[in-house]
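Asker: Mind having a look at this structure? Questions to follow.
Quick note: the coordinates plus some simple rules give every number you see, no bench work behind them. These numbers come from a predicted model, not from an experiment. Quick reminder, even Gly has a Cβ in these numbers, built from the backbone with ideal geometry, and neighbours come from all protein chains shown.
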Amino acid sequence: MSNRKIEAWHAAGLIDEPTAARLIAYETEHARPLALWAVFGIGALAIGLGLVSIVAANWEDIPGQVRLGIHFALFLGGCVALALRDRQIAQASPWASEALLFVLAVLALTFFGHLGQVYQTSAPLWEPLALWLALTGPMMLLYGRGWPVAALLAGGAVYCVWEYNYAVTDLLVRDGDHVPYLRAALVTALPILFAPAAAWMRGRSPRSSFWKRLEQLAFTYAVVGASMACVIASVGGYGEDWTALAASAQLVRAAIVLLAGIGVLLLRRTRSGQMAGTVLAGAALVIALARDVDDVDVLAAGLFMLLWIGIAGAALVAGWRGVFQLAVAVVAFRLIVLSFELASDLLLSGFGLVIAGLMILLVAFVAVRISRQFAPQTVRDDGESAA
Amino acid sequence: MNVAARIAVFALPVIGLGGLWALSDYESRHGTQWDVAIEGYDPRDLLRGHYVEFTYDWDVHGDAVELQDEFGFRQQVDRFCLTGSPPGPPVIDEINGDISACDFPVEADWSGVYGDDGLMRGRLYVGQDRAREIEQAMFDQDMRAIVRVRLGENRRLTPLDISFRPLTAQEQSERDAQLADVSETELPAE
């Protein structure tokens, strides 16, 4: 605010002299020279972009060893800084420590690609990803403070296991080879085990928000997996001769998810923990059953909606407001899709289109009403506000 | 958190990445280097970087000749034995045979970008300027492209560089015959 306004108010008799002086003093002290900051920001951005493009344009002229050396030195320097000064950095700003750790993990990941570029080597993607998880996983688990590192860790793990699944069930399979699909199924389910591990750590670690995020991500992976299992049944995907989705493979996946659910039930004895564990157990059941309703529209959709109604119920009990609203929206959407699956000719006539439109409006209306009226209040800040 | 664990979690990736670098460097200095003629090369510029894609023009003798046509090999090639002395040019006498007694055995890298096509096709990552040079050189009909590959102790081929040499007299006459053949071929009447 400009001082001219304050002087005008003083002249109009709205504020007295000392107040005007105090306001002006306050404004001067708390002034935020946005324009100046913007100029500095633009200057810094220009310098940064310029440096990046100088490096990029001369990338091939920089000898590979030098490039790798700089890359490695940056990583090493970050590691030393975090190992020696983590507490001080975190005191100044927890986000600075989290950002440094995130950058370190990404530097380690890109080092694999950089090595491949310099030495013209290649490998199936899961191998460098797995090695990266093994090398930087402990660092992330011991120092992660929030969702960026939790997401990097869980996302890296999920990406790695599906790359592994692709490599051993497709890419590397020669004619007449035995496909190790049970091992692949077991590996693809492993990231779920972050859930019980994080549930256990949540009550014991000062970094509870990191473990909470990690548990949520593993929980999400299980729920998305179970939903996918139903979607595959809806399109009749199990009927194809694809061993990656064989009955035994799905049972292995379901068993791991069930194990994770029991783990969460036992390790986090709060209402939210009990509900999260129950949902995981339900997801396991859905994964195991989805294969039996293959290509039966109503049953596949029913199983899907059962899963999400269960999630909505759990959210009601545990007080997860956002999850409840999401679950209601998902069930409503699935209902609409089901109606088209059952009566695909609705879209072929004008009358059918009107009925379809009315039905969509009705379902959406009911869903919005339920979502508004029954959504629980979020339980706040005891680390139990969501799964 | 005790000091030992704190040192360990940071030492692990530093030692691991450093070790991986050392291993890559060690492997890149071992093995034999061979010059293999290539054809059908194609500079690419995708998001992941610049590279030149090419087809190996292996010098095949004996029974293996039957398997080769102008598009490469007619069946999956898993392994063969290079004969001659590095840098060649290498000669192949048999494909997918027993390579246990071979001095320079080559095996396909099934996990590579070309999968089971790995002994027929390859790619060399190059810089922007080098890619442009290769692109210009490939228009020259009187030059033959040669890729230098390293045959590692793991029996895999790693392309190192692409160079060009003038066609030999025999290659020139073969090419002229081929060109004459093409111009004599008439389009079938409709």
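Asker: Residues of A:133-140, mean number of Cβ from any other protein chain within 10 Å of their own Cβ, rounded to a whole number?
Answerer: Neighbouring Cβ atoms belonging to other protein chains average 4 per residue here.
Asker: To one decimal place, what Kirkwood hydrodynamic radius in Å is obtained for the stretch A:23-142 from all pairs of distinct Cα atoms?
Answerer: This gives a value of 17.7 Å.
Asker: What ranking of B:MET143, B:MET120 emerges when the number of other C-beta atoms within 10 Å of each C-beta is taken as an exposure proxy, fewest first?
Answerer: B:MET143, B:MET120
Asker: Per DSSP H run of at least 4 residues, take -39500 (n - 2.57); add these up for chain A, divide by its residues and hand me the 222 nm value, nearest 500 deg cm²/dmol.
Answerer: -26000 deg cm²/dmol
Asker: Taking the Cα atoms of the stretch A:101-209 alone, what are Rg (to one decimal) and Dmax (as a whole number) in Å?
Answerer: Radius of gyration, then largest Cα-Cα span, for the stretch A:101-209: 16.0, 53 Å.
Asker: Just to compare against my own numbers: the Cα pair-distance distribution for the stretch A:274-318, 5 Å bins, whole % per bin, please.
Answerer: 5, 24, 28, 21, 13, 7, 2
Asker: Sticking with this structure for a sec: Taking every pair of Cα atoms in chain A, average 1/r, invert it to obtain the Kirkwood radius, and report Rg/Rh to two decimals.
Answerer: On the way: Rg = 27.6 Å, Rh = 25.4 Å.
Answer for chain A: 1.09.
Asker: Whole Å is fine, so just give me how far the alpha carbon centre of the stretch A:167-211 lies from that of the stretch A:71-100.
Answerer: 29
Asker: Let me ask something additional. Can you list the DSSP H helices in chain A whose Cα atoms extend at least 15 Å along the helix axis and whose mean Kyte-Doolittle hydropathy is -1.0 or higher? Intermediate values should be presented prior to the final figure.
Answerer: Values: long enough: A:17-29 (18 Å, -0.43); A:34-57 (33 Å, 2.31); A:64-92 (38 Å, 0.73); A:94-119 (38 Å, 1.33); A:126-143 (24 Å, 1.07); A:147-166 (28 Å, 0.74); A:208-234 (39 Å, 0.81); A:247-267 (30 Å, 2.09); A:271-290 (28 Å, 1.32); A:297-318 (31 Å, 2.10); A:321-342 (32 Å, 1.70); A:350-374 (36 Å, 1.87).
TM-like helix candidates: A:17-29, A:34-57, A:64-92, A:94-119, A:126-143, A:147-166, A:208-234, A:247-267, A:271-290, A:297-318, A:321-342, A:350-374.
Asker: Under the rule that a partner needs its Cβ under 4.7 Å from the first Cβ, which Cys of the protein assembly as shown have none?
Answerer: A:CYS79, A:CYS160, A:CYS230
Asker: Where nothing but the Cβ of Lys and Arg (+1) and of Asp and Glu (-1) is charged, how large is the charge dipole of chain A around its Cα centre, in debye to the nearest 20?
Answerer: 1360
Asker: What residue among A:SER53, A:ALA96, A:CYS79 has its Cα farthest toward the positive end of the dipole of the stretch A:1-107, where the charges are +1 on Lys, Arg and -1 on Asp, Glu, each on the Cβ?
Answerer: Positive-most Cα among the choices belongs to A:CYS79.
Asker: Looking only at other chains, what is the average number of their beta-carbon atoms within 10 angstrom of each beta-carbon in A:105-116?
Answerer: Values: counts 1, 0, 2, 4, 0, 0, 6, 2, 2, 1, 6, 2.
Neighbouring Cβ atoms belonging to other protein chains average 2 per residue here.
Asker: Now for a different question. Return the sequence-ordered ³J(HN,Hα) values of the stretch B:96-109 in whole Hz as given by the Karplus equation 6.51 cos²θ - 1.76 cosθ + 1.60 applied to θ = phi - 60°, using x for Gly and Pro.
Answerer: 6, x, 7, 10, 5, 9, 7, 6, 10, x, 10, 10, 5, 8
Asker: Check which residues have an amide H placed less than 5 Å from B:ASP59's amide H, if you skip close sequence neighbours.
Answerer: It is B:ILE92, by chain and number.
Asker: Work out Dmax and Rg for the stretch A:188-240 from the C-alpha atoms and quote the Rg first, both in angstrom.
Answerer: Cα-based Rg and Dmax for the stretch A:188-240 come out at 14.7, 49 Å.
Asker: Residues with amide H under 5 Å of B:ASP161's amide H, sequence separation 5 or more or different chain, H placed in the peptide plane at 1.01 Å from N; which?
Answerer: Distant-sequence amide H within range of B:ASP161: B:ARG148.
Asker: Which of the peptides B:86-99, A:357-370, A:213-226, A:258-271 is most tightly packed, and how do the rest follow, judged by the mean count of other Cβ atoms within 10 Å per residue?
Answerer: Taking the mean over residues of other Cβ atoms within 10 Å, the ranking is A:213-226, A:258-271, B:86-99, A:357-370.
Asker: Using only the alpha-carbon atoms, what does the stretch A:256-387 span along each of its principal axes? Please give whole angstrom values in decreasing order.
Answerer: 55, 36, 13
Asker: How many Cβ atoms of partner chains, on average, are near each residue of B:116-127 if near means within 10 Å of its Cβ? List each step's numbers first, then the result.
Answerer: Numbers: counts 4, 0, 1, 0, 0, 0, 1, 2, 1, 6, 2, 4.
That works out to 2 on average.
Asker: How big is Rg to Rh over the stretch A:1-94, alpha-carbon atoms, Rh as the Kirkwood inverse-mean-distance radius? Mind showing how you got there, number by number?
Answerer: On the way: Rg = 24.8 Å, Rh = 18.7 Å.
Rounded to two decimals, Rg/Rh equals 1.32.
Asker: Count charges around A:ALA12 for me, please; just the other residues with Cβ under 14 Å from its Cβ, Lys/Arg as +1, Asp/Glu as -1.
Answerer: Local net charge: -1.
Asker: Can you give me the three principal axis dimensions of the stretch A:249-326 from its C-alpha atoms, in Å, biggest first?
Answerer: Computed over the stretch A:249-326, the largest-to-smallest principal extents equal 38, 28, 12 Å.
Asker: Within 10 Å, count the other beta carbons around each residue, average over each peptide in A:324-336, B:165-177, B:6-18, and list them highest first.
Answerer: Per-residue Cβ counts within 10 Å, averaged per peptide and sorted highest first, yield A:324-336, B:6-18, B:165-177.
Asker: A further question follows. Explain nothing, just compute: Karplus ³J(HN,Hα) = 6.51 cos²θ - 1.76 cosθ + 1.60, θ = phi - 60°, for every residue of the stretch B:139-149 in order, whole Hz, x for Gly and Pro.
Answerer: Per residue, the Karplus-derived 3J(HN,Hα) values read 7, 7, 5, 8, 10, 10, 8, 10, 9, 8, 10 Hz.
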